[in-house]
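Only one structure is covered here, and it is reproduced in the block below.
The values are calculated or read from the model by the stated rules, or taken from the named source; none is laboratory data. Keep in mind that this is a model prediction, so the values were computed, not measured. Here Cβ is always computed from backbone atoms with ideal geometry, including for glycine, and neighbour counts include all displayed protein chains.
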Amino acid sequence: MLIWEMTMSDHPTFIRDKVNLHLQDVLAGVRDLPDNSFDLAIADPPYGASTQATWKLENGHALEGFGGAWKLASHDWDMFNGLDGFAFTLSWLNELKRLVKPTGSIWIHSTYHNSGLVNVACQILGLEIINEVVWYKRNAFPNLSGRRLTASHETILWVHTGKDKREYHFNYDKVKSAAFKEDNLKEPGKQLRTVWDIPNNKKPDELEFGKHPTQKPLRLIERMLLISALRGGQLLIPFLGSGTDVIAGLAYDMDCVGYEVEQEYFDLACQRITAYLETNGADLQMELF
């Protein structure tokens, strides 16, 4: 396990080249960041697949910023509980709305466990949904119980903060001309559809230092950046996981800021990113604060 020194802050922070990562809850971490700081955000939040939701509204329960205060219970990283989970979704999305420029956009991963919450939260906050993408995973893990259909897709929302102006960045021509050799649904010169045929397997270097249970393949994040990234821009990753979004962002020369609450995955991300920077000729030394 990597040990990160704490001197100027009360939490471990990894800073190197264009990367600034924090072992810290995102709601605490972004509180003092200025509005309109980022060109893009990619959010892979807890899906809530590890718990049974409870939707009982207790007396005095309210949402911070929506007429009162709420307290999120202490759960494992992929657990949330009904109204608490919805409140948490509203809270981090509200921060992303504040932080992402009107010319930027936000990608949000979800499954059937939380996609409804995310969709409703976007509508409440006035985040317009540009597209709902179905990521078809043709090599999805089979259902072992034999009691339901094999889950072979995830839902990804592409949203923006600019309201009716719709100024978000879209690399339309590059996307239309692109060819993805593993995607049987995309032809060069044809518009990209909202169903993406992307295998979920990872290349060996993506798993060299370990893996995250919901780790996304690099090729998936690369497609998001091809669509919406501004080269040399600012990328926010509120749920860092294994650091895949940072690896993709660095290839676009983006400044990457990320937050993670689990030490194990923070360490994994820092190892992956260090190896990537060293392999790609980064000349700045790692600083620990």
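A few comments on the model shown:
- Some residue of region 179-190 being within 30 Å of Ser37 (Cβ to Cβ) and touching a Lys or Arg at 6+ places or on another chain (Cβ under 9 Å): no
- Output for region 231-247, where each listed residue is in a loop (DSSP other than H, G, I, E, B) and crowded, with 18+ Cβ neighbours inside 10 Å: Gly233, Pro238, Phe239, Leu240, Gly241, Ser242, Gly243
- Matching option when the condition is assigned to a helix (DSSP H, G or I) and over 20 Å from the mean Cα position of the chain (by Cα), among Lys186, Lys176, Lys181, Lys190: Lys176
- The residue of region 191-211 that is surrounded by the fewest Cβ atoms within 10 Å (Cβ to Cβ), among those that are polar (S, T, N, Q) and modelled with pLDDT of 95 or more, is Gln191.
- Residues in region 119-139 that are in a helix (DSSP H, G or I) and either within 27 Å of Leu185 (Cβ to Cβ) or acidic (Asp, Glu) (or both): Asn119, Cys122.
- Qualifying residue in region 248-267 (condition: of a type in the set (S, T, N, Q) and either under 24 Å from Leu99 (Cβ atoms) or buried (at least 17 other Cβ atoms within 10 Å of the Cβ) (or both)): no
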